[in-house]
Ligand SMILES: Cc1cc2nc3c(=O)[nH]c(=O)nc-3n(C[C@H](O)[C@H](O)[C@H](O)COP(=O)(O)O)c2cc1C
């Protein structure tokens, strides 16, 4: 069992987060992950902008009280920013933002007292995630399950480890690029 700042902050017994995956990771899956000791995330996807996104209230009902987070595709959330309020009203364990600039949403997330997790694909995006006040950064290599960037995990993850160690050692790092997110650096 790994005991890290992340497990302590979220009260986890297993350092496993499921990726928020719209229409794949709903309330039932997220709740199962959380109940097993990890941190479950519901995929909020394109925040309703494609018309086929999950009903977050229904997915939280399916989670039946388990502490779960919500992850949005950030550029889509920018087109439907009210979806963030819908998610925050459901008292998520965290908000996870991927593929875009999290900064415009950060103030509302912090004001709600909800930890912000930012998924990044480049070092430049690490800087913008830090400016957004990310509590956790997920470095996503191109081997990841979907919507990835161009850089492979093998070089991206150690570079982000070094960058955070120098710039923001208290920010936690996870790596995505397999069937689950794994810890990139337990303690820097
Ligand atoms: C079917 C599918 C749906 C996704 N939906 C979301 C989403 O709703 N929100 C989000 O932040 N990321 C979404 N993603 C991106 C995942 O967060 C990303 O691919 C992650 O790296 C997967 O982790 P893994 O490759 O380590 O399994 C989705 C990915 C897939 C494959």
So if I take the centroid of the Cα atoms in segment 149-177 and the same for segment 58-129, what is the distance between those two points in Å?
20 Å
Take the Cβ-Cβ distance between residue 50 and residue 142 as r, set R0 to 22 Å, and report the resulting FRET efficiency rounded to the nearest 0.05.
0.40
To check my understanding: the extent here is largest minus smallest coordinate of the Cα atoms along each principal axis. What are those three numbers for segment 5-63, in Å, largest first?
37, 19, 15
The simple spin-label model distance between residue 61 and residue 28, using points 7 Å out along Cα→Cβ, in nm, is 1.5 nm
In nanometres, what is the gap between the two model label sites at residue 103 and residue 150, each 7 Å from Cα along Cα-to-Cβ?
2.3 nm
Of the convex hull enclosing the alpha-carbon atoms of segment 14-144, the direction-averaged projected area in nm² is 7.3 nm²
Among DSSP bridges having both ends in the chain, what percentage is antiparallel? Round to the nearest 5.
10 percent
Rounded to two decimals, what is Rg over Rh for segment 96-169 when you use alpha-carbon atoms and the Kirkwood radius?
0.97
Taking a crude spin-label model, label points 7 Å out from Cα along the C-beta direction, the residue 8 to residue 110 distance in nm is 2.2 nm
Residue-averaged 222 nm ellipticity for the chain, from DSSP H runs of 4+ at -39500 (n - 2.57), nearest 500
-10000 deg cm²/dmol
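Each value in this text was obtained by applying a stated rule to the coordinates, not by laboratory testing. None of these values were measured; they are calculated from a predicted model. Virtual Cβ from ideal backbone geometry, glycine too; neighbours counted across all protein chains shown.
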